[in-house]
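Engineer: Quick one: this structure, given as structure tokens, is what I'll be asking you about.
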Amino acid sequence: MTLPNTSFATGLRRAVTLWDLVAVLLILGALILLAQGSRELMQPLPEPGFGAIDLDPAVLPKYALHTSLRMLAAMVLSLLFTFTYATWAAKSRRAEQVLIPLLDILQSVPILGFISVSVIFFMSLAPGRMLGAEMAAVFAIFTSQAWNMAFSFYQSLRTVPRELTEASHSFQLGPWMRFWKLEAPFAMPALVWNMMMSMSGGWFFVVASEAISVGDTTVTLPGIGSYIALAIAGRDLGAIFWAIATMLVVIMIYDQLLFRPLVAWADRFRFEQETGATPPGSWVLTALSRSRLVALVVAPLANIWRRTYRASSVPDHTAPFGRREARANLAVWLDRLWYGAIIAVCLVALWMITGFVLEGVTLAEVGTAVLFGLATMVRVFVLIALASIIWVPIGVWLGLRPGAARIAQPIAQFMAAFPANLLFPLAVSAIVVLRLNPDVWLSPLMILGTQWYILFNVIAGASTIPSELRDIGANLRVRGWLWWRRIALPAVFSFYMTGAITASGGSWNASIVAEIASWGDTTLKAHGLGAYIAEATEAGDFHRIVLGIAVMSAFVVIINRAFWRPLYAHAERKFRLG
């Protein structure tokens, strides 16, 4: 009589495994946290004096949840932006000529500039509700996450090995299928490392993004950034310690639940798998991949996704000569129209910016802003050079040793996320006590959060060095500087360029936070464009804000066009795998 029950129990155990329980707990836990964090979105904005930030450490878990969800939402938006914007730039020559310089400008525009112009728009979408302020904060964090991800994806799409592209043509893959079967997987390892860097970049600017000002009203969103800002203003070292500890815990949770599974998943897309090497693992990825319930839910969605590949048509390379000639003539006319439209838009924009700025500032003020820009440029170049000397060798060493990279990954994430504001007490006290020059000794704060772009990209590049190349070097006894010059540096050069460009742009952006340091009543200032914009923002002088942002954007674009892009093109041409 007990046989049927025993068979049922055995069947149930076979149908529902331990991994199913783990996967269900993870998914339900994530949904509950998402519901708890988002239930206040439709609440009305607090009245002035209410909803103030509390420095009690007991509220930090709640603040951490709010900040984490904002950063996660910004990361989703950044991925959507990356897959569309970077792909368009990589696939279209005409689009590339506009989108890449525009990306240079966007990454150089300070986060305070984005907040100043976007907050009214987002608040008007949900008048009187917290939702509007939350959207403005998420957009501000998005502006600190998206640019390096887009650069990385663009660079990867431009450097897909030729033999793989030719193989996809041989198999008659359409553009849509080729993108998801070849190009996106090839770009995935570097993109995942840049996602980690972006998340850390979001932490760096979270203090600025959680205080939303509308006219004379300031809405302070509950979060770790607001907590840190209040602790700095009140010189509360205990509260700063608790905020740092909470950040460390949240970064470790993100590492275990999001980034470690992504690194393990993306490892299958590496261009070359090293024989005998232990692949990165993740208990979360193991639980999700071995869960039968998850597979049962995902299977219909995967089937629908595969059907979309059929909708992609195969390009016709066998068109008659007359049709190809007509297409070439049409392309010439489209080029002329495209360049004419670009020139017209640029002239209109130049006329509008010039008119707006000159209404409120003099030509002497423009010259002052340019001189400040030169001072900041010198700092950025020196700091990028120093960071490259330090992090390129370390990044290559870590990239060739996956075990060490897995240990260093969360440490680097935490260091990259460390807001410069938290070092203000130390920096200000040291400069005042030792009577140091702020123009020199405030500068390291600029590279504090952005140097990691170099490290993360070099790690990603070194991890793609084929084992055959390393074996050949070992067999030929290529060692020392010759090994770096012939094998390591060429292999990571294109990845380093992506990291250096984003680190340079990020350092310009960080200058606004780093060139003025305050601790209580003591304020130190370095002469530079970042301090100029920060002072204009504090004074509410929109003409000087626009002038400062325009000068900073011009510096970044000129430097990128004249210095970084030629090196970038050289890397694509000379050091492309395959």
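The values are calculated or read from the model by the stated rules, or taken from the named source; none is laboratory data. A quick note: this is a predicted structure, and the numbers were derived from the prediction, not measured. Heads up, the Cβs are rebuilt from the backbone with ideal geometry, glycines too, and the neighbour counts pull from every protein chain shown. The protein model used for the area step is the full one, side chains on, heavy atoms only, and it has no ligands, DNA or RNA in it. Shrake-Rupley method; radii C 1.70, N 1.55, O 1.52, S 1.80 Å.
Engineer: Does residue 87 qualify as being open to solvent by less than 50 Å² (accessible area, probe 1.4 Å), polar (S, T, N, Q) and under 30 Å from residue 249 (Cα atoms)?
Structural biologist: Judged against the criteria, residue 87 is not a match.
Engineer: Continuing with this model, one more query. Considering 31, 103, 25, which residue is aliphatic (A, V, I, L, M), open to solvent by 50 Å² or more (accessible area, probe 1.4 Å), within 28 Å of residue 210 (Cβ to Cβ) and at pLDDT below 90? Don't jump to the end; show me each part of the working.
Structural biologist: Values: 103 fails: open to solvent by 50 Å² or more (accessible area, probe 1.4 Å); 25 fails: within 28 Å of residue 210 (Cβ to Cβ).
Step by step, each of 31, 103, 25 is checked, and only 31 is aliphatic (A, V, I, L, M), open to solvent by 50 Å² or more (accessible area, probe 1.4 Å), within 28 Å of residue 210 (Cβ to Cβ) and at pLDDT below 90.
Engineer: Now a separate question. Is segment 195-210 home to any residue that is under 18 Å from the mean Cα position of the chain (by Cα), at pLDDT 85 or above, under 18 Å from residue 497 (Cα atoms) and open to solvent by less than 20 Å² (accessible area, probe 1.4 Å)?
Structural biologist: Yes - at least one qualifying residue is present in segment 195-210.
Engineer: Just one of the numbered conditions (1) surrounded by fewer than 19 Cβ atoms within 10 Å (Cβ to Cβ); (2) more than 21 Å from the chain's Cα centre (by Cα) is not true of residue 565; which one?
Structural biologist: The single condition residue 565 does not satisfy is (2).
Engineer: Restricting attention to segment 145-158, does a residue exist that is over 30 Å from residue 406 (Cβ atoms), among the hydroxyl-bearing types (Ser, Thr, Tyr) and open to solvent by less than 20 Å² (accessible area, probe 1.4 Å)?
Structural biologist: Taking segment 145-158 and keeping what is over 30 Å from residue 406 (Cβ atoms), we get none.
Checking segment 145-158: not a single residue is over 30 Å from residue 406 (Cβ atoms), among the hydroxyl-bearing types (Ser, Thr, Tyr) and open to solvent by less than 20 Å² (accessible area, probe 1.4 Å).
Engineer: Continuing with the same structure: Given the structure, is residue 531 open to solvent by less than 10 Å² (accessible area, probe 1.4 Å), among the hydrophobic types (A, V, I, L, M, F, W, C), within 20 Å of residue 443 (Cα to Cα) and outside the structural domain of residue 147 (by the TED database)?
Structural biologist: Working: open to solvent by less than 10 Å² (accessible area, probe 1.4 Å): yes; among the hydrophobic types (A, V, I, L, M, F, W, C): yes; within 20 Å of residue 443 (Cα to Cα): yes; outside the structural domain of residue 147 (by the TED database): yes.
It is true that residue 531 is open to solvent by less than 10 Å² (accessible area, probe 1.4 Å), among the hydrophobic types (A, V, I, L, M, F, W, C), within 20 Å of residue 443 (Cα to Cα) and outside the structural domain of residue 147 (by the TED database).
The rows are residues; the columns are (1) in a helix (DSSP H, G or I); (2) at pLDDT below 80; (3) aromatic (Phe, Trp, Tyr); (4) under 15 Å from residue 503 (Cβ atoms).
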residue	(1), (2), (3), (4)
403	yes, yes, no, no
409	yes, yes, no, no
412	yes, yes, no, yes
422	yes, yes, no, no
425	yes, yes, no, no
432	yes, yes, no, no
439	yes, no, no, no
455	yes, no, no, yes
461	yes, no, no, yes
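Engineer: Do we find a residue being outside any loop (DSSP other than H, G, I, E, B) and either open to solvent by less than 10 Å² (accessible area, probe 1.4 Å) or under 18 Å from residue 555 (Cα atoms) (or both) anywhere in segment 520-528?
Structural biologist: Restricting attention to segment 520-528, the residues satisfying the condition of being outside any loop (DSSP other than H, G, I, E, B) are 522-525.
Within this subset, residues satisfying the condition of being either open to solvent by less than 10 Å² (accessible area, probe 1.4 Å) or under 18 Å from residue 555 (Cα atoms) (or both) are none.
No - not one qualifying residue is present in segment 520-528.
Engineer: Has segment 495-503 got at least one residue that is assigned to a helix (DSSP H, G or I), open to solvent by 10 Å² or more (accessible area, probe 1.4 Å) and at negative phi?
Structural biologist: So in segment 495-503, the residues assigned to a helix (DSSP H, G or I) come out as 495-503.
Retained after the next criterion (residues that are open to solvent by 10 Å² or more (accessible area, probe 1.4 Å)): 495-496.
With the extra rule that they be at negative phi, the set shrinks to 495-496.
The answer is yes; a qualifying residue exists.
Engineer: Quick check on segment 446-464. Is at least one of its residues over 21 Å from residue 388 (Cβ atoms), open to solvent by less than 10 Å² (accessible area, probe 1.4 Å) and of a type outside the set (Val, Ile, Thr)? Reasoning before the result, please.
Structural biologist: Kept after step one, since they are over 21 Å from residue 388 (Cβ atoms), are these residues of segment 446-464: none.
No, segment 446-464 contains no residue that is over 21 Å from residue 388 (Cβ atoms), open to solvent by less than 10 Å² (accessible area, probe 1.4 Å) and of a type outside the set (Val, Ile, Thr).
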